[in-house]
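Chemist: Would you mind keeping the following structure in view while I ask a few things?
The values are calculated or read from the model by the stated rules, or taken from the named source; none is laboratory data. Note that this is a predicted model, so its numbers are computed, not measured. A quick note on method: Cβ atoms are made from the backbone with ideal geometry, for glycine too, and the neighbour counts reach across all protein chains shown. Keep in mind that these areas ignore ligands, DNA and RNA; they rest on the heavy atoms of the full protein, side chains included. Shrake-Rupley method; radii C 1.70, N 1.55, O 1.52, S 1.80 Å.
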Amino acid sequence: MNAIGLLILILFMLMIFVGGNQGLKVFFGLLINFIVIFILMILINWQFNPYIVTAVISIVILAIAIYLGSDNQAVANTAFQTSLIVVAILMIIAIVAQHFGQFQGFSTENSEELEGLSLNVGLSFRHVAMVVIVISLLGAVAEAAMAIIADLNEVIDRTPDMTSNSLYAHSRIIGGQILGTAINTLFFGVLGANLPLLIWFIRLKYSLAMFMNAKVLMMEVVTMLLGMLGILLSIWVASWLVVRQFVKHKKVGIK
């Protein structure tokens, strides 16, 4: 067994030990999403419309991650609605950012890896870059939506007679805590993944302009910034949906 297989086995055992049946569902969801990503690559390779394929695959990945990751149907439904809204907004922003940033293709830093390989693969690297950005955002969006909705529902269950303004105040407090930890997770994840590249740039005495024009680095930075924006939008949209549902149910209860 290689290192990856051993790590997967350890992950599986720990998820069962910590989460029980819920951990098994989450692990099963990871396997399904791995297959879905593979299907995405096949469809892009077969020249299907990348925008439609990305939108459909994103919906499937979000549904699997959210509904298999939660045992509360109401929380899952609201989180799914939030994720769909946020991902739709981020997909539009990603297309615009890719159009103006031109992050597609390879840079001079990739020359050693590409030596002896042909780039005439018949794919639009512009579309591939957009797909990579959008797919990279799904986990952060779903996680933030699930976290704040679950916490707000817990607050509602404990204090069912609170006002909508009070619930909004709770959402700001909870959202601020989630925002700080989630953004730090994204930042240090990108920093850790690109630390060798940054050291290489420094050792080669890259100027600030070369840093800002390094395609391979700017792609990661844009993905990170969109992920942070996605977390922020998820908190706002999820809070609005929860408060809206709370007010609606309260009116129904009064009647």
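Chemist: Assuming a viscosity of 1.567 mPa s and a temperature of 4 °C, what translational diffusion coefficient in µm² per second does Stokes-Einstein assign to the chain, Rh being the Kirkwood radius over Cα pairs?
Modeler: Answer, rounded: 63 µm²/s.
Chemist: Just the number please: accessible area per residue for the chain, 1.4 Å probe, all protein chains included, in Å².
Modeler: About 60 Å² of surface per residue is accessible.
Chemist: Is region 1-89 best put as rounded, prolate or oblate by its Cα gyration tensor, with a ≥ b ≥ c the root eigenvalues, rounded for a/c under 1.5, and otherwise prolate when a/b is larger than b/c, oblate when not?
Modeler: Because a/c hits 1.5 or more and a/b fails to exceed b/c, region 1-89 counts as oblate.
Chemist: How large, in percent, is the carbon and sulfur part of the accessible surface of region 22-100 at a probe radius of 1.4 Å?
Modeler: 79 percent
Chemist: If you count, for each residue, the other Cβ atoms within 10 Å and average over each peptide, how do 152-158, 214-220 line up from highest to lowest?
Modeler: The most tightly packed comes first, giving 214-220, 152-158.
Chemist: From the helices alone, meaning DSSP H stretches of at least four residues, give me the mean residue ellipticity at 222 nm for the chain, per-run term -39500 (n - 2.57), in deg cm²/dmol to the nearest 500.
Modeler: -28500 deg cm²/dmol
Chemist: Let me ask another. Using Cα centres only, tell me the gap between region 23-40 and region 53-78 in whole Å.
Modeler: So the separation of the two Cα centres works out to 12 Å.
Chemist: Mind pulling the angle between the C-alpha long axis of helix 215-254 and the longest principal axis of the chain? Nearest 10 degrees, somewhere in 0 to 90.
Modeler: Helix 215-254 and the main axis of the chain meet at about 10 degrees.
Chemist: So what are region 133-255's ellipsoid semi-axes, whole angstrom, largest first, if each one is the square root of 5 times an eigenvalue of the alpha-carbon gyration tensor?
Modeler: 41, 12, 10
Chemist: Measure nothing but the geometry: give the 0 to 90° angle between the long axis through the Cα atoms of 21-45 and the longest principal axis through the Cα atoms of the chain, rounded to 10°.
Modeler: That helix lies at roughly 40 degrees to the long axis.
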